[in-house]
Amino acid sequence: MSDDSRPSPAEVRAAARTAAVIPAAGRGVRLGPGAPKALRALNGTPMLIHALRALAESRAVSLVVVVAPPDGAAEVKSLLDAHALPERTDFLVVPGGETRQESVKLGLDALPPAYDIVLVHDAARPLVPVDTVDAVVEAVRAGAVAVVPALPLADTVKEVEPAATPGEPEPVVATPERARLRAVQTPQGFDRATLVRAHETVTADVTDDAGMVERLGETVVTVPGHEEAFKVTRPLDLVLAEAVLARRRLNDGF
(Lines give C-alpha, C1' and ligand atoms only; values in the text may rest on other atoms or scores of the structure.)
Protein backbone atom coordinates (compact mmCIF):
# COMPACT_ATOMS: atom_id res chain seq x y z
CA MET A 1 0.00 0.00 0.00
CA SER A 2 1.38 3.39 -0.96
CA ASP A 3 1.61 6.23 1.52
CA ASP A 4 -1.04 8.12 -0.44
CA SER A 5 -3.58 5.31 0.05
CA ARG A 6 -3.14 5.04 3.79
CA PRO A 7 -5.73 6.74 5.99
CA SER A 8 -4.53 9.88 7.74
CA PRO A 9 -4.27 9.95 11.55
CA ALA A 10 -7.36 12.20 11.60
CA GLU A 11 -9.31 9.66 9.51
CA VAL A 12 -8.20 6.82 11.77
CA ARG A 13 -9.23 8.75 14.89
CA ALA A 14 -12.60 9.69 13.38
CA ALA A 15 -13.41 6.01 12.89
CA ALA A 16 -12.14 4.96 16.33
CA ARG A 17 -14.44 3.24 18.80
CA THR A 18 -15.01 4.81 22.20
CA ALA A 19 -15.17 3.16 25.60
CA ALA A 20 -15.61 4.72 29.03
CA VAL A 21 -14.09 3.80 32.38
CA ILE A 22 -15.96 4.77 35.56
CA PRO A 23 -13.87 4.39 38.73
CA ALA A 24 -16.47 3.69 41.42
CA ALA A 25 -14.37 2.15 44.17
CA GLY A 26 -14.20 5.16 46.51
CA ARG A 27 -15.95 5.36 49.86
CA GLY A 28 -17.01 9.02 49.65
CA VAL A 29 -16.42 9.83 53.32
CA ARG A 30 -17.49 13.48 52.90
CA LEU A 31 -21.04 12.30 52.23
CA GLY A 32 -21.06 10.67 55.64
CA PRO A 33 -21.36 7.03 56.75
CA GLY A 34 -23.17 4.47 54.62
CA ALA A 35 -22.76 2.92 51.21
CA PRO A 36 -19.91 3.88 48.87
CA LYS A 37 -20.58 7.23 47.21
CA ALA A 38 -21.32 5.73 43.79
CA LEU A 39 -24.04 3.55 45.29
CA ARG A 40 -25.83 6.34 47.16
CA ALA A 41 -29.39 6.84 45.97
CA LEU A 42 -30.34 9.88 43.95
CA ASN A 43 -34.09 10.14 43.37
CA GLY A 44 -34.29 6.47 44.36
CA THR A 45 -31.63 5.32 41.89
CA PRO A 46 -27.91 4.86 42.68
CA MET A 47 -25.66 7.63 41.38
CA LEU A 48 -23.65 5.03 39.47
CA ILE A 49 -26.70 4.07 37.41
CA HIS A 50 -27.39 7.72 36.60
CA ALA A 51 -23.75 8.10 35.47
CA LEU A 52 -23.91 4.95 33.34
CA ARG A 53 -27.07 6.12 31.62
CA ALA A 54 -25.57 9.57 31.01
CA LEU A 55 -22.57 8.08 29.19
CA ALA A 56 -24.59 5.47 27.34
CA GLU A 57 -26.88 8.19 26.03
CA SER A 58 -24.01 9.18 23.74
CA ARG A 59 -24.10 7.08 20.59
CA ALA A 60 -20.31 7.34 20.47
CA VAL A 61 -19.90 5.23 23.63
CA SER A 62 -20.35 1.50 22.99
CA LEU A 63 -18.69 0.06 26.13
CA VAL A 64 -18.62 1.20 29.76
CA VAL A 65 -16.25 -0.44 32.24
CA VAL A 66 -17.26 0.05 35.87
CA VAL A 67 -14.42 -0.32 38.36
CA ALA A 68 -16.06 -1.51 41.56
CA PRO A 69 -14.75 -1.58 45.14
CA PRO A 70 -12.19 -4.41 45.47
CA ASP A 71 -14.67 -6.56 47.39
CA GLY A 72 -17.82 -5.24 45.73
CA ALA A 73 -17.75 -6.36 42.09
CA ALA A 74 -20.55 -8.90 42.59
CA GLU A 75 -22.75 -6.30 44.28
CA VAL A 76 -22.20 -3.82 41.44
CA LYS A 77 -22.95 -6.48 38.81
CA SER A 78 -26.22 -7.24 40.58
CA LEU A 79 -26.99 -3.54 40.68
CA LEU A 80 -26.53 -3.20 36.92
CA ASP A 81 -28.72 -6.26 36.31
CA ALA A 82 -31.48 -4.73 38.44
CA HIS A 83 -31.72 -1.48 36.48
CA ALA A 84 -32.69 -0.82 32.89
CA LEU A 85 -29.65 0.20 30.83
CA PRO A 86 -29.39 0.91 27.09
CA GLU A 87 -29.11 -2.38 25.20
CA ARG A 88 -26.86 -0.96 22.50
CA THR A 89 -24.12 -0.30 25.08
CA ASP A 90 -22.05 -3.09 26.64
CA PHE A 91 -21.22 -2.97 30.34
CA LEU A 92 -18.36 -4.66 32.17
CA VAL A 93 -17.57 -4.70 35.91
CA VAL A 94 -14.06 -5.26 37.27
CA PRO A 95 -12.68 -4.97 40.83
CA GLY A 96 -10.69 -1.83 41.56
CA GLY A 97 -7.61 -0.96 43.57
CA GLU A 98 -6.80 1.00 46.68
CA THR A 99 -6.48 4.34 44.88
CA ARG A 100 -8.33 6.02 42.04
CA GLN A 101 -5.21 5.84 39.88
CA GLU A 102 -4.95 2.08 40.43
CA SER A 103 -8.64 1.65 39.66
CA VAL A 104 -8.47 3.55 36.37
CA LYS A 105 -5.44 1.46 35.35
CA LEU A 106 -7.38 -1.74 36.10
CA GLY A 107 -10.27 -0.43 34.00
CA LEU A 108 -7.91 0.34 31.13
CA ASP A 109 -6.40 -3.15 31.35
CA ALA A 110 -9.88 -4.64 30.94
CA LEU A 111 -10.64 -2.82 27.67
CA PRO A 112 -10.68 -4.90 24.48
CA PRO A 113 -8.08 -3.81 21.89
CA ALA A 114 -10.73 -2.51 19.48
CA TYR A 115 -11.21 0.71 21.48
CA ASP A 116 -8.86 3.58 20.67
CA ILE A 117 -10.62 6.43 22.51
CA VAL A 118 -11.19 6.24 26.27
CA LEU A 119 -13.33 8.42 28.48
CA VAL A 120 -12.72 8.48 32.23
CA HIS A 121 -15.75 9.64 34.19
CA ASP A 122 -16.46 10.19 37.87
CA ALA A 123 -19.41 8.16 39.13
CA ALA A 124 -20.04 11.13 41.42
CA ARG A 125 -20.94 13.29 38.38
CA PRO A 126 -24.24 11.54 37.62
CA LEU A 127 -25.95 14.35 35.69
CA VAL A 128 -23.46 15.19 32.94
CA PRO A 129 -25.42 16.10 29.77
CA VAL A 130 -24.89 14.02 26.64
CA ASP A 131 -23.79 17.13 24.71
CA THR A 132 -20.77 17.42 27.01
CA VAL A 133 -19.88 13.75 26.49
CA ASP A 134 -20.16 14.16 22.72
CA ALA A 135 -18.04 17.33 22.72
CA VAL A 136 -15.20 15.51 24.49
CA VAL A 137 -15.33 12.57 22.08
CA GLU A 138 -15.39 14.84 19.03
CA ALA A 139 -12.34 16.77 20.25
CA VAL A 140 -10.36 13.54 20.61
CA ARG A 141 -11.52 12.38 17.19
CA ALA A 142 -10.33 15.71 15.79
CA GLY A 143 -6.79 15.02 16.98
CA ALA A 144 -6.43 16.01 20.64
CA VAL A 145 -4.73 13.38 22.81
CA ALA A 146 -6.38 14.62 26.01
CA VAL A 147 -9.57 16.64 26.48
CA VAL A 148 -11.30 17.95 29.60
CA PRO A 149 -14.64 19.75 29.93
CA ALA A 150 -14.12 22.94 31.92
CA LEU A 151 -15.97 25.96 33.26
CA PRO A 152 -14.73 29.49 33.99
CA LEU A 153 -14.55 30.31 37.69
CA ALA A 154 -17.17 32.60 39.18
CA ASP A 155 -15.20 33.29 42.36
CA THR A 156 -11.84 34.92 42.87
CA VAL A 157 -9.27 32.32 43.93
CA LYS A 158 -6.55 32.82 46.53
CA GLU A 159 -3.40 30.77 46.94
CA VAL A 160 -2.65 30.37 50.65
CA GLU A 161 -0.08 28.93 52.97
CA PRO A 162 -2.03 26.03 54.55
CA ALA A 163 -2.50 26.28 58.29
CA ALA A 164 -0.82 23.70 60.49
CA THR A 165 -4.09 23.34 62.41
CA PRO A 166 -7.40 23.11 60.51
CA GLY A 167 -9.54 26.19 61.10
CA GLU A 168 -6.66 28.52 61.82
CA PRO A 169 -6.18 31.67 59.67
CA GLU A 170 -4.19 31.05 56.49
CA PRO A 171 -1.94 33.75 54.96
CA VAL A 172 -2.66 34.60 51.30
CA VAL A 173 0.46 34.29 49.15
CA ALA A 174 -1.00 35.01 45.68
CA THR A 175 -4.16 35.85 43.73
CA PRO A 176 -4.10 33.98 40.39
CA GLU A 177 -5.61 35.71 37.36
CA ARG A 178 -9.15 34.34 37.30
CA ALA A 179 -9.54 34.68 33.52
CA ARG A 180 -6.85 32.03 33.05
CA LEU A 181 -8.37 29.52 35.48
CA ARG A 182 -10.91 26.79 34.80
CA ALA A 183 -12.73 24.25 36.95
CA VAL A 184 -12.44 20.90 35.18
CA GLN A 185 -15.06 18.17 35.06
CA THR A 186 -15.47 14.72 33.56
CA PRO A 187 -15.70 12.77 31.36
CA GLN A 188 -12.13 13.41 30.35
CA GLY A 189 -11.27 11.95 26.95
CA PHE A 190 -8.02 10.45 25.72
CA ASP A 191 -6.25 8.77 22.90
CA ARG A 192 -5.96 5.32 24.48
CA ALA A 193 -2.28 4.81 23.78
CA THR A 194 -1.44 8.15 25.42
CA LEU A 195 -3.47 7.41 28.54
CA VAL A 196 -1.96 3.93 28.88
CA ARG A 197 1.53 5.42 28.59
CA ALA A 198 0.67 7.95 31.29
CA HIS A 199 -0.48 5.24 33.68
CA GLU A 200 2.61 3.18 32.96
CA THR A 201 5.10 5.99 33.54
CA VAL A 202 3.63 8.58 35.92
CA THR A 203 3.91 7.52 39.54
CA ALA A 204 3.40 10.91 41.22
CA ASP A 205 0.16 11.56 43.07
CA VAL A 206 -2.18 13.45 40.73
CA THR A 207 -5.82 14.46 41.06
CA ASP A 208 -7.00 13.54 37.56
CA ASP A 209 -5.94 11.60 34.49
CA ALA A 210 -5.39 14.74 32.43
CA GLY A 211 -2.76 15.75 34.98
CA MET A 212 -0.94 12.49 34.29
CA VAL A 213 -0.91 13.23 30.57
CA GLU A 214 0.44 16.71 31.32
CA ARG A 215 3.36 15.04 33.12
CA LEU A 216 4.24 13.35 29.82
CA GLY A 217 4.63 16.77 28.21
CA GLU A 218 1.54 16.28 26.05
CA THR A 219 -1.00 19.03 25.41
CA VAL A 220 -4.34 18.85 27.19
CA VAL A 221 -7.18 20.93 25.75
CA THR A 222 -10.52 22.00 27.17
CA VAL A 223 -14.04 22.04 25.77
CA PRO A 224 -16.98 23.83 27.40
CA GLY A 225 -18.27 22.02 30.47
CA HIS A 226 -21.77 22.22 31.92
CA GLU A 227 -23.05 23.43 35.27
CA GLU A 228 -25.07 20.22 35.72
CA ALA A 229 -21.93 18.08 35.53
CA PHE A 230 -21.01 19.04 39.09
CA LYS A 231 -19.50 16.51 41.47
CA VAL A 232 -21.69 15.16 44.27
CA THR A 233 -19.35 15.31 47.23
CA ARG A 234 -21.26 16.72 50.21
CA PRO A 235 -24.84 16.33 51.47
CA LEU A 236 -25.84 19.70 50.00
CA ASP A 237 -24.77 18.44 46.56
CA LEU A 238 -27.34 15.64 46.86
CA VAL A 239 -30.05 18.24 47.44
CA LEU A 240 -28.94 20.17 44.34
CA ALA A 241 -28.82 17.00 42.25
CA GLU A 242 -32.36 16.07 43.32
CA ALA A 243 -33.50 19.54 42.26
CA VAL A 244 -31.87 19.15 38.83
CA LEU A 245 -33.59 15.79 38.33
CA ALA A 246 -36.94 17.29 39.39
CA ARG A 247 -36.52 20.08 36.84
CA ARG A 248 -35.63 17.57 34.12
CA ARG A 249 -38.73 15.49 34.89
CA LEU A 250 -40.87 18.61 34.70
CA ASN A 251 -39.34 19.72 31.40
CA ASP A 252 -39.57 16.22 29.88
CA GLY A 253 -43.17 15.82 30.94
CA PHE A 254 -42.82 12.82 33.23
Using only protein heavy atoms and a 1.4 Å probe, report how much of Thr175 is accessible, in Å² to the nearest 10. 80
Okay, helix-only estimate at 222 nm for the chain: each DSSP H run of n ≥ 4 adds -39500 (n - 2.57), divide by all residues, round to 500 deg cm²/dmol; what do you get? -9500 deg cm²/dmol
Just Leu127, Leu106, Leu216 to compare: in a GNM of the chain, with alpha carbon springs under 10 Å, which one fluctuates most? Leu216
Amide H to amide H under 5 Å from Val21: which residues, 5+ apart in sequence or cross-chain, H placed 1.01 Å off N in plane? Val65, Leu119, Val120, His121
Using a basic spin-label model with each label point 7 Å from the Cα along Cα→Cβ, how many nm lie between Arg197 and Leu236? 4.3
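I need to check one value: relative contact order of segment 127-254, counting alpha carbon pairs closer than 8 Å and at least 6 residues apart, in percent.
Once divided by the residue count of segment 127-254, the mean separation gives 34 percent.
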Most fluctuating residue of Pro169, Pro126, Pro152 in a GNM of the chain with Cα springs under 10 Å: which is it? Pro169
Rounded to a whole %, the carbon-and-sulfur portion of the accessible area of the chain at a 1.4 Å probe is 52
Could you tell me what percent of the DSSP beta bridges with both partners in the chain are antiparallel, to the nearest 5? 40
Relative contact order for the chain: what is it in percent, counting Cα pairs under 8 Å that are at least 6 residues apart? 22
With every protein chain left in place, what is the accessible area per residue of segment 41-127 in square angstrom, probe 1.4 Å? 41
How many angstrom separate the Cα center of segment 181-213 from the Cα center of segment 36-79? 21
Among Leu85, Leu153, Leu52, the residue with the largest mean-square fluctuation in a Gaussian network model of the chain built from Cα contacts under 10 Å is Leu153
Residue-normalised accessible area of segment 128-254, given per residue in Å² at a 1.4 Å probe: 59
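The values are calculated or read from the model by the stated rules, or taken from the named source; none is laboratory data. Here the structure is a predicted model, which means the values were calculated and not measured. As a convention, Cβ positions derive from the backbone with ideal geometry for all residues, glycine included, and neighbour counts pool all protein chains shown. Accessible surface areas use protein heavy atoms only, side chains included; no ligands, DNA or RNA. Shrake-Rupley method; radii C 1.70, N 1.55, O 1.52, S 1.80 Å.
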